[in-house]
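The values are calculated or read from the model by the stated rules, or taken from the named source; none is laboratory data. Treat the numbers as computed from the prediction; the structure is a model and nothing was measured. Don't worry about glycine lacking a Cβ; one is built from the backbone with ideal geometry, like all the others, and counts go over all protein chains shown.
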Amino acid sequence: MKQATFDVGGSGIKYIIFENKAIIKKGHINYLFSKNRITLEAVLNEIVKVIKNLKSEVQVGISMPGIIDSENVRVLTESGIKDVDIDIVHFFSKNSFVKKIVIENDGNSAALGEWYYRSNLKLKNFVNITIGSAIGCGIILNNQLYKGSELKAGEISRMFSNNSKANDTHGLALDAGIGLLGLKHSIITKNEKILTGKEIFDLYSKNDLVVNELVKEWISSIAKTILNLDYILDFDLITIGGGVSENKLFFDLLKKEIAKIKDIKVENFTIINESILNRVEISKTKNNAGCYGVYYLLNNQK
């Protein structure tokens, strides 16, 4: 039986089709919509178009942003996707060829996918960060996906970005997402064009003063987030995925920043974190981790 896996984002959907443990097709769906966010119903309709073309029975796995009740197959909160109060099981029940449905938060899916792909028995406590338009995170503790009492564990994009200013209440997503980095550049330069991640790094390589300052702040925010997570979770490994994971310059800058700030001063002494640089890597599944995660669930979740 074919297994169709979808990683839903704010601007499009990646998908990978598996059959007999082999990848038989990959693709990407770009949304055709205005400045308004796309609805969950529209997303599901795009998924149905793909699986209908398979002309066979299929199991469907969906990775998407927001707080997800995977047990009841429901999306509980809006994100880049709006109007999420849909009975997903009922929606797909109109298609008799759909034999199983699983759904999971994109950060959780990516963590499961990377952890599963690595097949390393020593990785008992593992974190995966996905950097895209915003920033996502998934946590494996003692070989189990950790979701928390209200299913919001790993929603680091909603964490406060600044802990020292009383009136600063914006979330980490505004400082750690590559998409929002482009938006900041647009606002500063008063240019309507919003740069892509590639365009930002092209300008960085050309020593563009505005971009260089923005990238410096962005890299610092990600590095501090990684160090904070290490002190909270004491992980065996943290991996960085998403589109930016393909960029070697990004990872070189990140490692240099972590090396610079890893030893934290507290009063009159310094807490030294010797091992952290050896416990941060680029994701092996890169931008496909979400699809691998729901593929794992299709094969391991009853």
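Yes or no, residue by residue, for (1) touching a Gly at 6+ places or on another chain (Cβ under 9 Å); (2) in the same structural domain as residue 23 (by TED's automatic domain parsing); (3) farther than 29 Å from residue 2 by Cα:
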{"position": "69", "(1), (2), (3)": "no, yes, no"}
{"position": "73", "(1), (2), (3)": "no, yes, no"}
{"position": "87", "(1), (2), (3)": "no, yes, no"}
{"position": "129", "(1), (2), (3)": "yes, no, no"}
{"position": "146", "(1), (2), (3)": "yes, no, no"}
{"position": "165", "(1), (2), (3)": "no, no, yes"}
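Applying the condition of being in contact with a strand residue (DSSP E or B) (Cβ under 7 Å, 6 or more places away or on another chain) and in a loop (DSSP other than H, G, I, E, B) to the stretch 72-101 and asking which residue is nearest to residue 155 (Cα to Cα) yields 76.
Does residue 114 meet the test of being among the acidic types (Asp, Glu) and crowded, with 21+ Cβ neighbours inside 10 Å? The answer is yes for residue 114.
If the condition is being touching a strand residue (DSSP E or B) at 6+ places or on another chain (Cβ under 8 Å) and in a loop (DSSP other than H, G, I, E, B), then the stretch 171-205 contributes 172, 177.
Selection over the stretch 142-170 of residues that are of a type outside the set (A, V, I, L, M, F, W, C) and assigned to a helix (DSSP H, G or I) gives a count of 2.
Screening residue 229 on (1) without any contact (Cβ under 8 Å) to a residue 12 or more places away in the chain; (2) among the hydrophobic types (A, V, I, L, M, F, W, C); (3) closer than 18 Å to residue 282 by Cα shows it passes everything except condition (1). Looking for something more than 30 Å from residue 1 (Cβ to Cβ), assigned to a loop (DSSP other than H, G, I, E, B) and without any contact (Cβ under 8 Å) to a residue 60 or more places away in the chain - is there at least one such residue anywhere in the stretch 117-127? Looking for residues that are more than 30 Å from residue 1 (Cβ to Cβ), assigned to a loop (DSSP other than H, G, I, E, B) and without any contact (Cβ under 8 Å) to a residue 60 or more places away in the chain, one finds none in the stretch 117-127, hence no. Of all residue pairs spaced 6 or more apart or on separate chains, those with beta-carbon atoms under 6 Å, a first member in the stretch 146-163 that is basic (Lys, Arg) and a second member that is assigned to a loop (DSSP other than H, G, I, E, B) are 147/153; 152/67. Residues in the stretch 89-123 that are of a type in the set (D, E, K, R), more than 20 Å from the chain's Cα centre (by Cα) and at pLDDT 95 or above: 2 in all. Within the stretch 40-64, restricting attention to residues that are in a helix (DSSP H, G or I), under 23 Å from the mean Cα position of the chain (by Cα) and not aliphatic (A, V, I, L, M), which residue is surrounded by the most Cβ atoms within 10 Å (Cβ to Cβ)? Among residues in the stretch 40-64 that are in a helix (DSSP H, G or I), under 23 Å from the mean Cα position of the chain (by Cα) and not aliphatic (A, V, I, L, M), the one surrounded by the most Cβ atoms within 10 Å (Cβ to Cβ) is 46. Within the stretch 286-302, the residues that satisfy the criterion of being within 13 Å of the chain's Cα centre (by Cα) and modelled with pLDDT under 90 are 286, 287. Set side by side, the residues 142, 162, 120, 108 differ, and just one is surrounded by 16 or more Cβ atoms within 10 Å (Cβ to Cβ) and within 24 Å of residue 226 (Cβ to Cβ), which is 108. One residue alone among 269, 251 is aromatic (Phe, Trp, Tyr), modelled with pLDDT of 85 or more and under 28 Å from residue 8 (Cα atoms), and that residue is 251.
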